[in-house]
Amino acid sequence: MGLINKLKNLFSSENIIGIDIGDSLIKLVEAETKQNKIILNNLAVGDTPKEAVVKGQIEDVEALTAKIKSLLDNNNFASTKVTTAISGEQVIIRNVEIPNMPEEEIGEAVRWEAKEQIPMPIDEAVLDYEISKHKADGGYEVMLVAVNRDTINRYLELFKKLDLEPIAIEIEPTAIIRGIRKLYPEQTIALLDMGAQTTTISVFSNGQLLFTRTIGIAGQDITQEIVENYELNLEEAEEYKRDNNLFVDANLNLIIRNLTTAIYRSLDYFQVKYKNYDIEKMVLAGGGSKLIGFDTHLSNEFGIEVIPLNPLSNIESEVERLNSKELAEVIQLLGVSIGLALREEDEDDKSIAS
Ligand SMILES: Nc1ncnc2c1ncn2[C@@H]1O[C@H](COP(=O)(O)OP(=O)(O)OP(=O)(O)O)[C@@H](O)[C@H]1O
Ligand SMILES: [Mg+2]
């Protein structure tokens, strides 16, 4: 990072660090948009300490604190404001119908719906909602989001230990869409974020999230299948996974088949519920989706164009530590963290805690 940027970091109160704490990797990003391009101002990626995060839930605050502190210190992050996102299995999302009523009463109506629809006591949950559609009869379609309060408290404890000020805690699909919708503003897009332990499939149209579902099959399950079939250790299996096209290997299709079926079910559910929307493209994000041949496989299965979240033509990097080859390696991992870092540019965005 050049001196000018460093000074900007020190003196601008606007900068936010987007922190995506995955089960396998932690990603930190500072970014902004200029003329429809996303500019990366700073970036760091590091391994999540073993078992410190399990399916999106923080299990070891101490280990995470130490790791994130070293990533911040070693990479010249100067801002103390952060945003983060909670993922998949910790998040409950329901689409609910609310009858015609003044908008200021929707919150209360959503709370009543939540009591019926979410599988946890309402006082243990942090609730939020977003109106996804104003219906012709004056009613609303609302996306209700609920997260266990304890899950959020662990994030807050982490940031307190790090002396960071959380501006917002969001859900991953909302964050990731913030970046992508700048690239595909008017389209209906299915987004597949495949991480280490969970895969999230979301659909958004005109920049708005319509649907999201988490599947508990992801990168680690595929590695595990390679371990078992080819008697390799974890490290060897990880390398094998990155170097081979698994979609043409008959020994290795159980996990992929289960995952494909689960994706199919989610998209089918979406299509039945939202008949007026046609999914135009599928965008792949997350490290797990970097599998060789994954795009072709999905495209054959679902008959739509499948593209990686690798929009290098729309992303510029001012991070001097990283050459363009290294950037291309990691860009697909950064969907959530870039979206989080761009939060300040969309001030009216909702979050589950702010
Ligand atoms: N080139 C590659 N080919 C296939 N898989 C890869 C490749 N590079 C990374 N991965 C896989 O990506 C996963 C990590 O991706 P990512 O950082 O998106 O996950 P995470 O966010 O830490 O996990 P989660 O989203 O489940 O919490 C690992 O399972 C890793 O094996
Ligand atoms: Mg992830």
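The values are calculated or read from the model by the stated rules, or taken from the named source; none is laboratory data. Everything numeric here is computed off the predicted structure, so don't read it as measured data. Neighbour counts are summed over all protein chains in view; Cβ atoms, including those assigned to glycine, are modelled from backbone coordinates with ideal geometry. Side chains are part of the model used for accessible areas, which takes the heavy atoms of the whole protein and leaves out ligands, DNA and RNA. Shrake-Rupley method; radii C 1.70, N 1.55, O 1.52, S 1.80 Å.
Of all beta bridges that DSSP places with both ends in the chain, some 70 percent have antiparallel geometry. For the chain, a Kirkwood radius taken over Cα pairs fed into Stokes-Einstein (20 °C, viscosity 1.002 mPa s) yields D = 102 µm²/s. Model label points for E320 and E124, set 7 angstrom from Cα along the Cα-to-Cβ axis, are 5.2 nm apart.
Dividing the summed -39500 (n - 2.57) terms of all DSSP H runs of n ≥ 4 by the residue count of the chain sets its mean residue ellipticity at 222 nm at -11000 deg cm²/dmol.
With the cut-off at 1.5 for a/c, could you classify the stretch 163-301 from its C-alpha gyration tensor as rounded, prolate or oblate? Oblate is the answer for the stretch 163-301, as a/c is 1.5 or above yet b/c matches or exceeds a/b. Between N74 and E329, the C-beta separation translates, for a Förster distance of 25 Å, into a calculated FRET efficiency of about 0.85. Taking the average, over residues, of other Cβ atoms within 10 Å as the packing measure, peptides 98-104, 231-237, 176-182, 253-259 rank 176-182, 253-259, 231-237, 98-104 from highest down. Net charge around T261, counting only other residues with Cβ within less than 11 Å of its Cβ (Lys, Arg = +1; Asp, Glu = -1)? Computed value for this residue: 0. With the convex hull drawn over the C-alpha atoms of the stretch 231-331, the volume per residue is 134 Å³. For the chain, a crude dipole built from +1 on the beta carbon of Lys and Arg and -1 on the beta carbon of Asp and Glu, taken about the Cα centre, is about 420 debye to the nearest 20. Compared with the alpha-carbon gap, the fully stretched path from E51 to Y277 is longer by 77.4 nm at 0.36 nm per residue.
To put it simply, the accessible area of the stretch 17-345 at a 1.4 Å probe is 44 percent carbon and sulfur.
Accessible surface calculations at 1.4 Å, restricted to protein heavy atoms, place the chain at 47 Å² per residue. In this structure the amide hydrogen of S132, modeled in the peptide plane, comes within under 5 Å of the amide hydrogens of E141, V142, M143, none closer than 5 places in sequence on its chain. Using the Cβ-Cβ distance between I106 and E59 with R0 set to 45 Å, the FRET efficiency from 1/(1 + (r/R0)^6) comes to roughly 0.80. Applied to the stretch 94-99, the Karplus parametrisation 6.51 cos²θ - 1.76 cosθ + 1.60 on θ = phi - 60° returns per-residue 3J(HN,Hα) values of 9, 8, 10, 9, 10, x Hz, with x for Gly and Pro.
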